[in-house]
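Below: the structure, in structure tokens.
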Amino acid sequence: QVQLVESGGGLVQPGGSLRLSCAASGNFFSIFDMGWHRQAPGKQRELVARMTNSGRTNYADSVTGRFTVSRDNAKNTVYLQMNSLKPEDTAIYYCNAKIRNDRYADPADYWGQGTQVTVSS
């Protein structure tokens, strides 16, 4: 059973920083993309940032230059460093990973439980 466990959300003032972490655990063969999505009240879930297992990244336009995604493949962990936070960054942030459960399986999408990020003075 694969699990993604997130940590690091909270309340921060505008202009502040937070760092999210997400660790994958359980029995699996390999991890491909890892990244973060977010969902604000009344809005659709959107991609924030992701990184392939070879290190390629892509970001939403709204966070480019402020957020940085990184991975520690030895720890099966992905991070999201969020700087210069704005009130519009307020959302539930979800970790996402494409994981192959065994050598012959197709990669499947897994999601964390979500962590709340609130940017407010």
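The values are calculated or read from the model by the stated rules, or taken from the named source; none is laboratory data. As the structure is a prediction and not an experimental result, all values here were calculated from the model. Using ideal geometry, Cβ is built from the backbone for each residue, glycine included, and neighbour counts are taken over all protein chains shown. Keep in mind that these areas ignore ligands, DNA and RNA; they rest on the heavy atoms of the full protein, side chains included. Shrake-Rupley method; radii C 1.70, N 1.55, O 1.52, S 1.80 Å.
Restricting attention to segment 74-89, which residues are under 25 Å from N101 (Cα atoms) and surrounded by 14 or more Cβ atoms within 10 Å (Cβ to Cβ)? N76, T77, V78, Y79, L80, listed by residue number. Among the conditions (1) under 16 Å from the mean Cα position of the chain (by Cα); (2) closer than 20 Å to S120 by Cβ; (3) basic (K, R), the only one that R50 does not satisfy is (2). Where residues in segment 90-113 are surrounded by 18 or more Cβ atoms within 10 Å (Cβ to Cβ) and in contact with a Phe, Trp or Tyr (Cβ under 7 Å, 6 or more places away or on another chain), which of them is farthest from L18 (Cα to Cα)? So the residue we want is I99. Evaluated against (1) more than 10 Å from the chain's Cα centre (by Cα); (2) open to solvent by less than 20 Å² (accessible area, probe 1.4 Å); (3) under 28 Å from D102 (Cα atoms); (4) not aliphatic (A, V, I, L, M), F67 falls short on exactly one condition, (3). For segment 77-94, a residue qualifies if it is touching a Ser or Thr at 6+ places or on another chain (Cβ under 8 Å), within 20 Å of L4 (Cα to Cα) and of a type in the set (A, V, I, L, M, F, W, C), and the qualifying residues are V78, L80, M82, I92. The sole residue among L47, L4, L20 that is among the aliphatic types (A, V, I, L, M), touching a residue at least 12 places away in the same chain (Cβ under 8 Å) and open to solvent by 30 Å² or more (accessible area, probe 1.4 Å) is L47. Screening I92 on (1) assigned to a strand (DSSP E or B); (2) farther than 27 Å from Q13 by Cβ; (3) touching a residue at least 12 places away in the same chain (Cβ under 8 Å); (4) out of contact with any Cys (no Cβ under 9 Å at 6 or more places or on another chain) shows it passes everything except condition (2).
Of the residues making up segment 50-64, those that are open to solvent by 30 Å² or more (accessible area, probe 1.4 Å) and either without any contact (Cβ under 8 Å) to a residue 24 or more places away in the chain or touching a Pro at 6+ places or on another chain (Cβ under 9 Å) (or both) are N53, S54, G55, R56, T57, N58, Y59, D61, T64. Listed by position, the strands (runs of 3 or more DSSP E) enclosed by segment 33-81 that each have at least 2 residues that are more than 24 Å from D106 (Cβ to Cβ) are 46-51, 67-72.
Residues in segment 66-89 that are free of Cβ contacts under 8 Å to residues at least 40 places away in the same chain and under 20 Å from A23 (Cα atoms): F67, T68, V69, S70, R71, D72, A74.
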